[in-house]
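Structure record follows, encoded as structure tokens.
The values are calculated or read from the model by the stated rules, or taken from the named source; none is laboratory data. Computed from a prediction, not measured in an experiment: that's the story for all the values here. Positions of Cβ are generated from backbone atoms using ideal geometry, with glycine treated the same way; all protein chains shown enter the neighbour counts. For accessibility, only protein heavy atoms count, side chains too; no ligands or nucleic acids. Shrake-Rupley method; radii C 1.70, N 1.55, O 1.52, S 1.80 Å.
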Amino acid sequence: MRVEPVAVIGAGPAGLAASIQLKRYGIAPYVFESGNIGGLLNNSGNVENYPGFPEGITGPELIQRIEKQIANLGISITNDAVTSLDIESGNFILTTQTKNYRFRYVLMASGTKPKKLPAHLSIPEEDRRISYDIRHLMNISGYRIIIIGAGDAAFDMALTLAKHNEIIILGRSEIPSCLPLLADRVAEMAAITYCRSALILRVDCREERNLKITYSSPAGESFTIADRLVIAVGREPQRDYLTGSIIKEWHALESAERIFQAGDI
């Protein structure tokens with residue numbers, strides 16, 4: 001099997017920025033992405049902390065610009081999920097859902113994965129009314145949406161979806177852990193309600209259309225009915241594809257500058 005120079009796992013901002021720079025050095029990377037390029041930009045209603053856009057820019061608009069840039073450079077994306085990364089005879093063995101590859105170097109830019117609610121709540125993964133991101137909700141209107149979480153992601157999602165929907169944020173903390181800027185903007189939005197110190201007790205998905213979310217708060221036990229539920233209780237590094245061999249040799253590979261990490265991971 002031919003050994004290729006560099007694999008980039010993930011086509012979010014970090015992986016794509018690295019790929020652009022590699023191409024400038026005359027190195028054509030293999031870029032692997034299981035979903036849409038752009039990573040968490042797909043969830044961003046307005047990106048205000050990216051240089052060059054004084055008025056901000058929406059995540060999807062920024063992705064369109066990045067797509068044009070990588071197309072101009074001839075960088076192609078392999079739309080396939082990386083299921084395993086191993087090491088054998090000094091080379092990396094990268095396995096996707098459809099094929100095996102060999103690489104000399106690997107850049108891990110696979111970002112993060114969402115944390116799940118406690119297992120006792122038995123959240124059905126197959127229920128399409130429940131999600132961990134909002135990319136598929138960007139164009140809906142007139143819905144009642146519950147967002148569980150009190151960090152930047154939860155409040156940013158709320159601000160994005162509140163333009164055309166009613167939003168209720170259920171946060172475990174008394175004081176939100178998001179940026180004060182986001183908390184202030186949410187407080188000014190009539191379409192958004194923040195419920196403090198809310199502990200989720202049950203999520204009832206039996207209704208054909210509506211979801212029933214039961215929670216406790218200082219006021220006692222309450223429930224609310226919603227059309228959609230978005231879970232934003234934190235994220236953790238996405239490294240599920242690493243084998244035991246890679247983990248065992250990690251420090252040696254990193255010291256030898258054979259494997260790298262970039263971005264949220």
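Taking only the Cα atoms of the range 1-142, how large is their convex hull per residue, in Å³?
Working: hull volume 22.3 nm³, N = 142.
Once divided by residue count, the hull of the range 1-142 is 157 Å³.
Give me the angle, in degrees from 0 to 90, between the Cα long axis of helix 13-24 and the longest principal axis of the Cα atoms of the chain, rounded to the nearest 10. For helix 13-24, the angle is close to 20 degrees. Seen from a random direction on average, the alpha-carbon convex hull of the range 106-228 projects onto 9.2 square nanometres. Rounded to the nearest Hz, the phi-derived 3J(HN,Hα) couplings of the range 191-205 under the Karplus curve 6.51 cos²θ - 1.76 cosθ + 1.60 (θ = phi - 60°) are 7, 10, 10, 9, 9, 7, 6, 9, 9, 5, 9, 8, 10, 9, 9, where x marks glycine and proline. The relative contact order of the chain, computed from alpha carbon pairs under 8 Å that lie at least 6 residues apart in sequence, is 21 percent. Once you reduce the range 86-121 and the range 166-180 to the center of their Cα atoms, the two points are 33 Å from each other. If you model the range 198-244 as an ellipsoid using its alpha carbon gyration tensor, with each semi-axis the square root of five times an eigenvalue, the axes come out at 30, 16, 9 Å, biggest first.
So for the range 99-174, what percent of the C-alpha to C-alpha distances run longer than 18 Å? Result for the distance tail: 54 percent. Remark: the range 1-98 carries 53 Å² of accessible area per residue (probe radius 1.4 Å; ligands, DNA and RNA excluded). Of the solvent-accessible surface of the range 26-115, computed with a 1.4 Å probe and all protein chains present, 45% belongs to carbon and sulfur. Sorting the segments 168-175, 136-143, 155-162 by their residues' average number of neighbouring beta-carbon atoms within 10 angstrom, most packed first, yields 155-162, 168-175, 136-143. The fraction of accessible area contributed by carbon and sulfur in the range 122-248 is 49 percent, rounded to a whole number (1.4 Å probe; ligands and nucleic acids excluded). For the range 31-90, the alpha-carbon radius of gyration amounts to 1.45 times the rule-of-thumb value 2.2 N^0.38 Å expected for a compact globular protein. Hey, what angle do you get for helix 152-161 against the long axis of the chain, alpha-carbon based, 0 to 90 degrees rounded to 10? Value to nearest ten degrees: 70. A simple count of charges around Tyr50, restricted to other residues whose Cβ falls under 12 Å of its Cβ and scoring Lys, Arg +1 and Asp, Glu -1, yields -2. Couplings for the range 119-133, taken from phi via the Karplus curve 6.51 cos²θ - 1.76 cosθ + 1.60 with θ = phi - 60°, read 4, 5, 7, 6, 6, x, 5, 7, 6, 6, 7, 10, 8, 10, 8 Hz in order; Gly and Pro are left as x. Please compute the net charge surrounding Ala232, taking Lys and Arg as +1 and Asp and Glu as -1 over other residues with Cβ under 14 Å from its Cβ. Within the 14 Å Cβ shell, the charges total +3.
A simple rule links phi to the HN-Hα coupling: the Karplus curve 6.51 cos²θ - 1.76 cosθ + 1.60 with θ = phi - 60°, which for the range 54-59 gives x, 9, x, 8, 6, x Hz, with x for Gly and Pro.
For the chain, what is the convex hull volume of the alpha-carbon atoms per residue, in Å³?
Working: hull volume 41.9 nm³, N = 265.
So the per-residue Cα hull volume is 158 Å³.
Give me Rg/Rg_expected for the range 156-265, where Rg uses Cα atoms only and Rg_expected = 2.2 N^0.38 Å with N residues. Before the final figure, lay out each step's value.
Working: Rg = 19.9 Å, N = 110, 2.2 N^0.38 = 13.1 Å.
That works out to 1.52 for the range 156-265.
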